[in-house]
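Accompanying notes for the structure given below.
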């Protein structure tokens, strides 16, 4: 096992509650530093499965298939020596591309060359059944339960050759067995469907509008996976008797509600899986409901620990203290306010785009307008610019907008896909 | 410097003549029952949680069942040394006592330090205790070595600043506190301070405040922008402009010596008392004619009765005519 990175936990909150107050909010920043450099070849053991959609539609236009092949080849080149890997092609069923046998093979100059050659012979035919693809990946990872387990799933279409229940069951089977970054290419795939997969498997979701951009994206994803130093990190949250943990959300780099992922540890603690970590920083928003206490009392509303297996590698306290000083209890922590806004931003975009599809133009205008105002206030330039392709903005400060009539499908999907991407507070505001 | 002894309850170092241990707060005149060895864990408050009755507490003092912070060892502490006495109390509105004090008989007089942790800083209770302990240690050492009281007072302040600064992980994570020290010796009273903890002279004939606050309110009054009364009720009244801590920048400590004109009481206190009795005359009017410990307890009680909104610390140092007459 390689050296662990140094983990730290920081808590941002206003611990003061008014008399009778019982809702505690805090932003938990988890940071890791000093992870070993991936390129040394002696890092943590790692396994990588690349899943390429080879359904018939990948040939229309033909450059989708050729670009996907090039991208997968670039990813193979990025694998460091010794990483166990495989390439899977996905259509109505899942097929091994390389190696032929249903197993992972260690990367070296020879296997990389063979894998790239096998990729170049791929042809597009058949349908789309992502559940079957994930099930094969799960079987491949099963013999490598330790270390980093990462998959890339590329698709260009809807999951048409399986029922939603079949996909859900396959995703549920895969949870905790590997991390999966998902990518949609073209405009015929379903954002909500792929988001469900990426989210459950703790991976990122993105849209690659032009096939040519796939290569750089695949290389970046593989590099990021190679940069991970530890797998299976969990956030353990203790809450006191009679308290209720309202939610645990990842809020940076993207909004992800983890509340339902809890695995109970004991009566008062539960673990929330955070996946694999390299040198990075992520923020979480925790909300706890505690019984109201007397003025002057202080309690620990939550005890947050970062777990690496059974080992606590960092911890922090979320506190509550009751005061009759209104100046203290009414102050809102700027980070809590910021991320509450970012979560609201993501929700408004998703609801607004759905309303637009459903023909409810009033709701769409109101929601997307609110999103414009939130993106503007929080300095989320990337989202603001994507919103500008879907609505005409009259006044960004108040969110007065008009829906655009001729919206490019790719722009709309791109906004939907990236709606959950957040930014950190601008310096000087936090 | 007094002979050092150790507390029979917790083993901490104590000074001869002290009635209570500064570390655990227990009486030094009582002897522990057999089998009760020195153990820092066995604080008097260690017992059941006031809220849920559980006896399991985590290392940092929170109940492992209901999360409530355990009452601290510093909630109410009384100290006596060299004929002076100090009382510090959590008050009624704060969850812990972030004030600290230290008191010792030294060089034919008495030295005392009072510190008030800055609530908005991390670990203010650690900052105040660290500053008080470090300040008193340097003060007694330098005075014992024969240093001039003003020089010793400056050295003590520097020592306290260094100790509190060393607590910080970074300038953004800097524990902070106020500081006021007094050495009442044969030649008079020497004071040193940073922040808004105060010293008063309550003499038979004259009474006055001896310190000026390093506070926003004091600056406004000094510039004539606000009257004393206006400044006191302003929302910024408690904002201090100088403190001990890694984020304090360049601190200019105040050091001054004062020769009492006759017998009286030297009083050191945190704002938990002077908020209710800001003027020297107010304090003189309620100071009982009693021994120092009784007097200090009485003043703390008055602050509690008035609302106890902040932590309260009072050190009472009586100065008699004879002492000074001898040396004049």
Item checked: Subset tally (residues that are surrounded by fewer than 17 Cβ atoms within 10 Å (Cβ to Cβ), touching a strand residue (DSSP E or B) at 6+ places or on another chain (Cβ under 7 Å) and within 14 Å of another protein chain (Cβ to nearest Cβ)) for segment A:213-264 -> 1
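Of everything in segment B:45-77, what is in contact (Cβ under 8 Å) with a residue 24 or more places away in the chain and out of contact with any strand residue (DSSP E or B) (no Cβ under 6 Å at 6 or more places or on another chain)? Give them in sequence order.
From segment B:45-77, those in contact (Cβ under 8 Å) with a residue 24 or more places away in the chain are B:45-46, B:69-77; that's our starting set.
Answer for segment B:45-77, where residues must be in contact (Cβ under 8 Å) with a residue 24 or more places away in the chain and out of contact with any strand residue (DSSP E or B) (no Cβ under 6 Å at 6 or more places or on another chain): B:45, B:46, B:71, B:72, B:73, B:74, B:75.
Going by what's in this entry, would residue B:112 be described as more than 14 Å from chain A (Cβ to nearest Cβ) and either assigned to a strand (DSSP E or B) or touching a strand residue (DSSP E or B) at 6+ places or on another chain (Cβ under 7 Å) (or both)? Steps first, answer last, please.
Details: more than 14 Å from chain A (Cβ to nearest Cβ): yes; either assigned to a strand (DSSP E or B) or touching a strand residue (DSSP E or B) at 6+ places or on another chain (Cβ under 7 Å) (or both): yes.
So residue B:112 fits the description; yes.
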Notebook entry, point to check: Residues in segment A:324-336 that are facing another protein chain (nearest Cβ under 10 Å) and touching a strand residue (DSSP E or B) at 6+ places or on another chain (Cβ under 7 Å): how many?
Noted result: 1
Check: For residues in segment A:296-323 being farther than 19 Å from residue A:285 by Cα and away from every other protein chain (no Cβ under 11 Å), which is surrounded by the most Cβ atoms within 10 Å (Cβ to Cβ)?
Finding: A:313
Notebook entry, point to check: Does segment A:403-430 hold any residues that are under 19 Å from residue A:347 (Cα atoms) and in contact with a strand residue (DSSP E or B) (Cβ under 7 Å, 6 or more places away or on another chain), and which are they?
Noted result: A:403, A:413, A:414, A:417, A:420, A:421, A:422, A:424
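Might you let me know whether segment B:200-209 holds any residue that is surrounded by 24 or more Cβ atoms within 10 Å (Cβ to Cβ) and in contact with a strand residue (DSSP E or B) (Cβ under 8 Å, 6 or more places away or on another chain)? Before the answer, list the steps.
Step one: list which residues in segment B:200-209 are surrounded by 24 or more Cβ atoms within 10 Å (Cβ to Cβ), which gives B:200.
Applying the additional criterion that residues be in contact with a strand residue (DSSP E or B) (Cβ under 8 Å, 6 or more places away or on another chain) yields B:200.
Among the residues of segment B:200-209, at least one is surrounded by 24 or more Cβ atoms within 10 Å (Cβ to Cβ) and in contact with a strand residue (DSSP E or B) (Cβ under 8 Å, 6 or more places away or on another chain), which makes the answer yes.
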Checklist line | Residue identified as buried (at least 19 other Cβ atoms within 10 Å of the Cβ), free of Cβ contacts under 8 Å to residues at least 24 places away in the same chain and either touching a helix residue (DSSP H, G or I) at 6+ places or on another chain (Cβ under 6 Å) or under 30 Å from residue A:14 (Cβ atoms) (or both) among A:367, A:356 | finding: A:367
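Return the residue satisfying two criteria in turn: it lies in segment B:78-93 and is out of contact with any strand residue (DSSP E or B) (no Cβ under 6 Å at 6 or more places or on another chain) and surrounded by fewer than 24 Cβ atoms within 10 Å (Cβ to Cβ), and of such residues it is farthest from the other protein chains (Cβ to nearest Cβ).
Looking at the filtered set, the residue picked out is B:83.
Bear in mind these aren't lab numbers, they're just calculated from the coordinates by the rules spelled out. Source: prediction; values computed, not measured. Using ideal geometry, Cβ is built from the backbone for each residue, glycine included, and neighbour counts are taken over all protein chains shown.
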